[in-house]
């Protein structure tokens, strides 16, 4: 991979629990992709959904990343400090007639999840704010290859009825503000990428490049996540955890001798081959 000192990547977990193997793999892949080209790697805590957050989870994540040698550049950005910016961006989108109020529930929206402006909220009714999407934006994924646009109009929540900002808005605003131009993350967010690219375009922001990783699943085929009870990784086993993650990423460095997390990361950075995943983009990664 060419030397790209202007590469700016990031890992952006939500503080809903400790790191598990799925989140470690995403952090490691994004870290290696940045470090392999002498790029910048940032850490952002997506703490804009208090009902789902676990007290102490953010600090636990920071300690785990440090224990595994995944040291970030610049200051950690907490999204809870950026609410004014999200509000201003909503106003910008409203000014170009992309946002509308919606009182629909999930039940009334149906399988498509789109309102398309058909509801008529009362003045005193709680509403979400949604963005109109044209569905005409595709992209070339660095792992999965060309991704064709949905080619169907839809809409997406940017601010919920409880007035909490949605991930789709916050991630675009903060990626643009931090100058993120390479995003490496799980393929569970692939469907969101089309909408996010449209939002980037409507706001006149530079479009990042994306690489979506295969999902890590258990032996029963269930995706590892905090919601499915994925067990936390142990910081005392950092080297073993990194080796497991490197094996899942199909990296030869997983079996190289190393006495510490820092040493193993150095070897993994030198040997980083993201195309190893591109050879098998449809396969899930099974752990343990």
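Just a few scattered comments:
- All strands (runs of 3 or more DSSP E) inside region 139-189 with 3 or more residues being closer than 21 Å to residue 25 by Cβ: 182-186
- Among residues of region 202-221 that are at negative phi and assigned to a loop (DSSP other than H, G, I, E, B), those with a beta-carbon under 6 Å from a residue that is buried (at least 17 other Cβ atoms within 10 Å of the Cβ) and at pLDDT below 95 at least six positions away or on a different chain give the pairs 214/285; 215/186; 215/187.
- Test: residue in region 90-110 that is within 27 Å of residue 213 (Cα to Cα) and part of a loop (DSSP other than H, G, I, E, B): no
- Checklist (1) assigned to a loop (DSSP other than H, G, I, E, B); (2) in contact with a strand residue (DSSP E or B) (Cβ under 6 Å, 6 or more places away or on another chain); (3) within 23 Å of residue 260 (Cβ to Cβ) applied to residue 69, failing item: (2)
- Any hit, region 166-188, residues being touching a strand residue (DSSP E or B) at 6+ places or on another chain (Cβ under 6 Å) and at pLDDT below 95: yes
- Residues satisfying the stated conditions in region 9-50, i.e. outside any strand (DSSP E or B), touching a residue at least 40 places away in the same chain (Cβ under 8 Å) and farther than 25 Å from residue 206 by Cβ: 15, 16, 17, 18, 19, 21, 22, 24, 25, 28, 49, 50
- Scanning region 56-107 for residues being farther than 30 Å from residue 24 by Cα and either surrounded by 12 or more Cβ atoms within 10 Å (Cβ to Cβ) or without any contact (Cβ under 8 Å) to a residue 60 or more places away in the chain (or both) gives a total of 21.
- Taken residue by residue, region 140-160 has at least one member that is out of contact with any helix residue (DSSP H, G or I) (no Cβ under 9 Å at 6 or more places or on another chain), under 20 Å from residue 86 (Cβ atoms), at pLDDT 95 or above and surrounded by fewer than 21 Cβ atoms within 10 Å (Cβ to Cβ).
- Take the conditions (1) more than 21 Å from residue 164 (Cβ to Cβ); (2) touching a residue at least 40 places away in the same chain (Cβ under 8 Å); (3) touching a strand residue (DSSP E or B) at 6+ places or on another chain (Cβ under 6 Å); (4) assigned to a loop (DSSP other than H, G, I, E, B); residue 6 misses just one of them, which is (3).
- Only one of the numbered conditions (1) in contact (Cβ under 8 Å) with a residue 40 or more places away in the chain; (2) in a strand (DSSP E or B); (3) exposed (fewer than 15 other Cβ atoms within 10 Å of the Cβ) is not met by residue 131, and that is (3).
The values are calculated or read from the model by the stated rules, or taken from the named source; none is laboratory data. Everything quoted here is computed from the prediction, not taken from an experiment. Glycine also receives a Cβ, built like all others from the backbone with ideal geometry; neighbour counts cover every protein chain displayed.
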